[in-house]
Amino acid sequence: MRTLPVPLRSWRKSDAGIPMGAITTARGQVAIFSTQDGGYSYSLVPINKEGTGWDEAIELGEVMAVFDGAGQADYYVYDRVNFSANISREDEGDRMFAWADLGLPNGDIHVFPQAEGRFLVLAGSFSQSQLLYYEFCSIEPGQDDRTVLTMLSLEPSDSIREAVALFNKSSRDYRVELTDYSYIWSKSGETDWDEAIMKLNTELISGKIPDIIDLEGLPYMAYSRRGLLEDLYPYLERDPNIDMDDYFQNVFQAMSIDGKLPYVTSSVRVFTMFAPPEVVGSQRGWTLEKFQQLRDDGILVVDGLEPARFLELLMAADEDFVDWQTGTCSFDDPRFIELLELCKNMDAIEGGNPSLMGEGISSCAYTPLFSAVFVAEANARFGGNAVPIGFPSVSGEPVHILATENRIGFSATCQHKDGAWAFVRSFLEPRMQESGISFPYLNSSFEKITQAAVAGNTIWRGGMYNGPITDRDVELTREILSGTNYCLNSDRGLSDLIVEMASEYFSGQKSAQEVCRDLQQRATLYLAEQK
């Protein structure tokens, strides 16, 4: 059989965005789906019946993927929450099922429509050690009579979606119904994200709290102190399949609030500082005064750390300026002025300057750590003798600060706490601990992921560092993670307020005294609102 190609009108980016792939509609038309500037706002552009040009584009709105049609459905889409037929901005379409109900990851997705409302689905997701897990299922029409646990996340990550999918696949009694607040917000026509979060926060504080909640980006300290969140320590202690000795217990302590554990996380990244032994010796930790003196003497140059970020990190480890129990603060204390002055004079080197080492000027590097690869890079930079000295502190103790990949807790008023705990505890199990991009704090998972990195099987290889990961690098990684003692952004609202106002001093708009006075007033009001 001989065929002759028919040239189509050239595709231009201005027509309908960047082409991402092609599907076949139920009517037999081939269509290109495209996105504007690489985002999630998709268009579908069919080839006309004559095969000589393009039909009018169909605006799909915010979706993740587009699939071939079948039967009465011209095409299907996945919109981060639901799998639906013929969805568009004007027509919400016919919802077929919620993706989380499938018990499948939402990475590399392939859906194959079958007869009588059936679907075959193949889906995969990457792990930190570069393995691609694929799972397969057949979807049949039917009724799900399990008890529903409601869950809210401002903007759920892939790891959260995966946890929901795995739980819904394995639980016989419960299923989690995840609400993606960013998706709801984008569909609502709201234009101010901060205002939308404020409305949500007001609802949650008034008691309209879901069974399970991803607390990332929310004032969870206030929720915990108001008694809205369940303390997870008793559940950890009673769970026959969890032994606290199997974990880096300091991670739990860093996440605790007033002796309670309001959430857990799947993995953590760590922020710290490395310095050469010629400058700081072999010690761990230094006082603010010693840090300042080394810089004043011209011995120490800090690489890669701007004043506002430095202040944010120092404040995560300094609890002297805020008393959460009484709701009072002391940002008008002269010591806070000294802290501002210390941060303003950072003289950070934008982007780093390794050549300084060759000029005899010792450099101290601020380093966010996600893997042993990052530790190996920092150690190699200082000739294999890097000292993880941490951030300076009043006491001189070594300060390493963790940040969570997610924060999963559940409501104190949840009617099905056993079911909620069954889901929350999944973030402590090997599958979730090993699926993130950061450090697991389950010991066995930490060893597995770290040894995979040593062997080169990690997503972090091939980028910033390709050298070897030595035994000392592994020991330093273990030392740093086990010594992490504070949690970044323990209260995001207050942290943002401090950084915002301090920036007026760093930029020269206000004096340190003026900033401290204004910050004291605004922080006092903020703390009063959180009581």
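The values are calculated or read from the model by the stated rules, or taken from the named source; none is laboratory data. All figures in this text were calculated on a predicted structure; none of them were measured in a lab. For neighbour counting, all protein chains shown are included, and Cβ atoms are generated from backbone atoms with ideal geometry for every residue, glycine included.
Of the conditions (1) touching a residue at least 24 places away in the same chain (Cβ under 8 Å); (2) surrounded by fewer than 19 Cβ atoms within 10 Å (Cβ to Cβ); (3) within 30 Å of R478 (Cα to Cα), S170 satisfies every one except a single condition; which number is it?
Of (1) touching a residue at least 24 places away in the same chain (Cβ under 8 Å); (2) surrounded by fewer than 19 Cβ atoms within 10 Å (Cβ to Cβ); (3) within 30 Å of R478 (Cα to Cα), only one is false for S170: (3).
Residue pairs, Cβ under 7 Å, 6 or more apart or interchain, first in the range 322-343 and in the same structural domain as E514 (by TED's automatic domain parsing) and buried (at least 20 other Cβ atoms within 10 Å of the Cβ), second assigned to a loop (DSSP other than H, G, I, E, B) and at pLDDT below 90. List them.
Close Cβ pairs satisfying both conditions: C329/F321; F331/F321; F336/F321.
Of all residues in the range 458-488, count the ones that are farther than 19 Å from Y247 by Cβ and within 22 Å of the chain's Cα centre (by Cα).
7
Of these, S282, S266, which one is of a type in the set (S, T, N, Q), in contact (Cβ under 8 Å) with a residue 12 or more places away in the chain and either closer than 23 Å to A163 by Cβ or buried (at least 22 other Cβ atoms within 10 Å of the Cβ) (or both)?
Matching residue, one of S282, S266: S266.
Which of the helices (runs of 4 or more DSSP H) found entirely inside the range 441-531 contain at least 3 residues meeting this: closer than 20 Å to P368 by Cβ, in the same structural domain as E341 (by TED's automatic domain parsing) and of a type outside the set (A, V, I, L, M, F, W, C)?
Here the list reads 471-482, 492-506.
Count, please, the residues in the range 293-312 that happen to be closer than 18 Å to N489 by Cα and either assigned by TED's automatic domain parsing to the domain that holds M221 or surrounded by fewer than 20 Cβ atoms within 10 Å (Cβ to Cβ) (or both).
Counting residues in the range 293-312 that are closer than 18 Å to N489 by Cα and either assigned by TED's automatic domain parsing to the domain that holds M221 or surrounded by fewer than 20 Cβ atoms within 10 Å (Cβ to Cβ) (or both) gives 3.
Which one is modelled with the lowest pLDDT among residues in the range 420-456 that are within 24 Å of L149 (Cα to Cα) and aliphatic (A, V, I, L, M)?
M432
Look through S84, S125 and report the one residue that is at pLDDT below 75, buried (at least 18 other Cβ atoms within 10 Å of the Cβ), touching a strand residue (DSSP E or B) at 6+ places or on another chain (Cβ under 6 Å) and among the small types (G, A, S).
S125
Of the residues that sit in the range 414-444 and are over 9 Å from S267 (Cβ atoms) and among the hydroxyl-bearing types (S, T, Y), which one is surrounded by the fewest Cβ atoms within 10 Å (Cβ to Cβ)?
If we take residues in the range 414-444 being over 9 Å from S267 (Cβ atoms) and among the hydroxyl-bearing types (S, T, Y), then S444 is surrounded by the fewest Cβ atoms within 10 Å (Cβ to Cβ).
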